[in-house]
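Inspection log for the structure reproduced underneath, given as structure tokens.
The values are calculated or read from the model by the stated rules, or taken from the named source; none is laboratory data. None of the values given here were measured: they were computed from a predicted structure. Here the Cβ positions follow ideal geometry from the backbone for every residue, glycine too, while neighbour counts run over all protein chains shown. Just so you know, the surface numbers come from the protein's heavy atoms only, side chains and all, with ligands and any DNA or RNA stripped out. Shrake-Rupley method; radii C 1.70, N 1.55, O 1.52, S 1.80 Å.
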Amino acid sequence: PRAREKNKQVQTLNNWLTEFALKNEIEFLNINVLVSKNGFLRADLTYDGIHLNAKGYALWAPEVGNVLAKHKL
């Protein structure tokens with residue numbers, strides 16, 4: 001129900017962000033591929049189907065760290 005609606009919105013937003021980033025030569029980190037399965041957050045990575053839990057953030061954080069390190073930030 002609610003998660004299904006939000007996930008459709010997230011997909012639409014991610015598609016738009018990906019296009020925008022490509023057109024404007026901006027790096028875009030799409031973690032959806034890490035934390036989703038079949039278009040929905042993996043059950044083990046969320047507490048409500050919408051927000052990441054600690055395990056989800058544990059997957060996300062190193063990816064952000066890699067981008068920051070790449071740009072020496």
TODO: Report the charge-dipole magnitude of the chain in Debye, nearest 20, computed about the Cα centre from +1 at each Lys and Arg Cβ and -1 at each Asp and Glu Cβ.
DONE: 160
Task: 222 nm mean residue ellipticity, helices alone, for the chain (DSSP H n ≥ 4; -39,500 (n - 2.57); rounded to 500) - done: -19000 deg cm²/dmol
- [ ] Output the relative contact order of the chain, whole-number percent, from Cα pairs under 8 angstrom with separation of 6+ residues.
- [x] 25
TODO: Go through the stretch 33-43 residue by residue and turn each phi into a ³J(HN,Hα) via Karplus (6.51, -1.76, 1.60, θ = phi - 60°); whole Hz please, and just put x for glycine and proline.
DONE: 5, 7, 10, 10, 9, 6, x, 10, 4, 4, 4
TODO: Starting from the Cα gyration tensor of the chain, take the square roots of the eigenvalues, sort them a ≥ b ≥ c, and report rounded, prolate or oblate (rounded when a/c is under 1.5, otherwise prolate if a/b is larger than b/c, else oblate).
DONE: oblate
TODO: Could you check how much of the accessible area of the chain is carbon and sulfur, as a whole percent, using a 1.4 Å probe?
DONE: 59
Task: Residues of the chain: accessible area per residue with a 1.4 Å probe, Å² - done: 78
TODO: Which order do the peptides 45-53, 5-13 take when ranked by the mean count of other beta-carbon atoms within 10 Å per residue, highest first?
DONE: 45-53, 5-13
